[in-house]
Every structure is written in structure tokens, then in C-alpha cells.
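Every read-out reported here was derived from the displayed coordinates using simple, explicitly stated rules and does not represent laboratory data. Predicted model only: the values in this text are computed from it and were never measured. Don't worry about glycine lacking a Cβ; one is built from the backbone with ideal geometry, like all the others, and counts go over all protein chains shown.
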Amino acid sequence: MHFKFIRFSVLIFCLPSFVIAQELAQEFSAPLITGNEQVRLSDYRGKLVFLDFWASWCPPCLVSLPAYDKMYRELDSEDFEIIAINVDEDIMDGIAFLEDHPVSYPVLADPDGEVGIPYGVRSLPVSYLIDKEGRIVQRYRSYKSGDEILLKQLVEELLDR
């Protein structure tokens with residue numbers, strides 16, 4: 001009996017960390033990193049949204065942003081949007097990174113980390129794929145080269161539905 005419990009526990013901890021139950025994404029409002037214009041998640045209702053939390057001091061983030069931008073431009077879909085949320089305490093650090101590595105999608109500033117609280121952001125990068133009805137369908141912890149290829153395949157599949 002004890003052995004079965006241990007085996008079950010191991011199984012749970014071995015499951016991929018990106019698979020989660022479909023729960024509603026929390027509404028938020030944050031300014032664009034380069035201005036005061038407020039962006040809300042609900043502005044993108046009816047679209048598939050990839051919500052990506054990142055910081056300029058996070059090594060995997062520095063690789064993921066350009067990779068996600070390339071994927072975003074390749075998809076070129078009006079029904080898909082990436083929203084990056086920079087959590088640098090000093091907004092200028094995020095802006096400096098974007099000057100060297102510009103992206104084609106909106107980047108919001110969240111220096112106090114308030115947007116990430118209801119999403120349980122504790123490490124970076126962390127991202128969420130949100131369907132057209134506003135439900136979180138995937139969560140991604142960290143980033144490794146090639147993750148954007150799998151993400152692109154999933155986005156294409158969800159857009160075809």
C-alpha cells in the first residue's frame with residue numbers, strides 16, 4: 001500500500017508543468033512599457049492570447065522574447081496576440097533590452113509585480129496561453145530553445161478550431 005502511494009506521488013510530480021486545468025484568466029490593466037496607454041486583457045477578448053512574463057535580468061527571457069517575436073510574425077494572424085509583461089523594478093532596464101531586441105507585440109510594464117500575483121508568477125519566464133473565451137489552456141514555466149515551435153503548433157491547432 002505504501003509503495004502505491006509513493007509511485008502515485010512520483011507520477012504526479014513527473015507530469016509536465018505546462019498542463020493545467022482550464023480556468024479563467026484574471027483580468028488586468030497595465031501601461032505599455034513605453035507610455036501611459038493602459039492595456040487590458042479584455043481588450044483581446046475573442047483572440048487567442050499568449051501572456052508572457054519576463055525581466056531583463058532573466059537569461060531564458062532574453063532568448064525567449066526574440067524567439068516568440070519570430071513565431072508571432074510567422075503566424076501573422078489577426079486572431080492571435082502576444083502580450084509581454086515586463087516585471088523589472090526599473091522600467092528602463094526593460095526598455096533598454098527592447099531597444100536592442102524590439103518585438104512586434106505589446107509589452108506592458110508591471111514593476112510592482114501586481115499583474116503576476118493572481119497568475120502565481122514566482123519565477124521567470126512564465127507564460128500562459130489563453131483561449132478565445134478567456135480560459136487558460138496552457139502554462140509554461142521557464143523556456144528552452146524550441147519551445148516556440150511547439151507553441152506555434154498548438155496555436156495553429158487552436159486557431160483552426
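A few remarks follow.
- Length released on extending from Q26 to R45, taking residue separation times 0.36 nm less the Cα-Cα span: 5.6 nm
- Sum of -39500 (n - 2.57) over DSSP H runs of 4+, divided by residues of the chain (222 nm, nearest 500): -10500 deg cm²/dmol
- Relative contact order, percent, the chain [alpha-carbon distance under 8 Å, six or more residues apart]: 33
- Under-20-angstrom lysine pairs by C-alpha in the chain, whenever the two are 8 or more apart or on separate chains: 7
- Distance in nm between pseudo-label sites at K144 and M92 (7 Å out along the Cβ direction from Cα): 3.8
- Our note on the geometry: Cα centres of the range 27-74 and the range 79-147, 5 Å apart.
- The local environment of G116, defined by Cβ-Cβ distances under 12 Å, has a net charge of -3 under the rule Lys, Arg +1 and Asp, Glu -1.
- Shape metrics for the range 51-98, restricted to C-alpha atoms - Rg then Dmax, Å: 11.5, 32
- Each label point was placed 7 Å from the Cα along the Cα-to-Cβ direction; for D131 and N36 their separation is 3.9 nm.
- Short to long, the 5 Å bins of the Cα pair-distance histogram for the chain hold 2, 8, 18, 21, 21, 14, 7, 4, 3, 2, 1, 0 percent of all pairs.
- Charge tally around D69: other residues with Cβ under 13 Å, Lys/Arg +1 each, Asp/Glu -1 each, net -3.
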